[in-house]
Amino acid sequence: MEYWILYTQYIASVNRQKRERARTMGMSLEDLAQGVVAGERPALARALSLAERDASAAAALMAKLAGERGHAHIIGITGPPGAGKSTLVGALARRLLEQGRSVAVLAVDPSSPVSGGALLGDRFRIGEAAEGRCFTRSTATRGSLGGLTSAAQQMVRLMDLAGFDLVMVETVGTGQSEIDVARLADTLCVVFPPALGDELQAIKAGILELADLLVVTKADTPPAGPAVQSLRSVAPLWRTAPPIHPVSAVSGEGIGELVAAMLQRADSGLSSRQSAGHQPGIAGDGLEAAFERLWADLLRRFPASASLTREVQPSPAGSFTLRLVSIEGAFQLGVAAGALALMAGSAGLACRIEDQTDDRLTLIFTAA
């Protein structure tokens, strides 16, 4: 019990210091929320930093923004490492700017498994487009799997609320089963590089089956033709037959057609995310379903959490209250509660601890 009290006091102290640092940056959370909605770039940058680094302050900020609605069309750009995603995003951003659209870009870079650091090299390829109506932000995976960070949903929502017409999310290089971006994007653009065993890769499908647009990069090279043919031969066998766009970010070939296809979906309100039931916010009964997914993820990562007893408590509208009981003491509760609080953002939830004793605690979940 003494250890648990010291632990929670330490965590509370750290969180207070983080919130104080956020305020000493020149803005309270209320001012920060107003600045984001007003489209102020410094406010957006600071809000994105909160989403990355301070889960509790970010949850408080998102609560203040809960009633706001943006209008951005979210475009996911995913594919294997070396496919040319960053160069493609830069070319698309420049073309969209030329057409009078405003664009925000969230680029995810891998973190080192040794040091935990990241080069954030996507900025070198995309940065030249960052002018006027274009805002670019890089972030590191920080150990998250699936191609996105755990804070990505909050960061994209903040960009949406800042008033951009389109938000492009470039994932870290992904494999065939890493499909987090499909739950976030209105238009999923899967980048397919040539000369990587085209026929076999196309038949394997995986994330390719979820694509709204398929893009074969490096169209100015000889292997691009066979890659396009491979995709065209198998795409009709999938759930949908997405259009295939061969492009070259170097020569500009196909970029205009790809941009036109994206804008056609954006202007007509098409959204594969919404049609599949994935919403940026969670309300009502959806909170319990979102928690169940979060709990399953917790058990996968921390199997010892299965020993905890769960008790669902009566909750006000728009929240989900859970009591956890442990027969093994406060340490097991602390591990589970800390993990749930850290993982909640990736499930579209905000989590806070309401009360605690030596053998139980209460968690309240709301939509992020």
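With a sphere of radius 12 Å drawn around the Cβ of G35, what net charge do the other residues whose Cβ falls strictly inside it have (Lys, Arg +1; Asp, Glu -1)?
Residues near G35 contribute 0 overall.
D267 to E328: FRET efficiency via 1/(1 + (r/R0)^6), r the Cβ-Cβ distance, R0 35 Å, to the nearest 0.05?
0.05
Can you run phi through the Karplus equation (6.51, -1.76, 1.60; θ = phi - 60°) for the stretch 37-54 and list ³J(HN,Hα) in whole Hz, with x for Gly and Pro?
5, 7, x, 7, 4, x, 5, 4, 4, 5, 5, 5, 5, 4, 4, 6, 10, 9
Could you tell me the calculated FRET efficiency between Q99 and A38, based on Cβ-Cβ distance and R0 = 25 angstrom, to the nearest 0.05?
Computed FRET efficiency for Q99 and A38 comes out at 0.55.
Treat each spin label as a single point 7 Å out from the Cα along the C-beta direction, and report the S307 to D358 distance in nm.
1.7 nm
Where does each of 38-46, 151-159 land if you order them by average Cβ count within 10 Å, highest first?
151-159, 38-46
FYI, it's all coordinate maths here, none of it is from the lab. Quick caveat: nothing in here was measured; it's all calculated off a predicted structure. With ideal geometry, Cβ positions are generated from the backbone for all residues, glycine too; neighbour counts draw on all protein chains shown.
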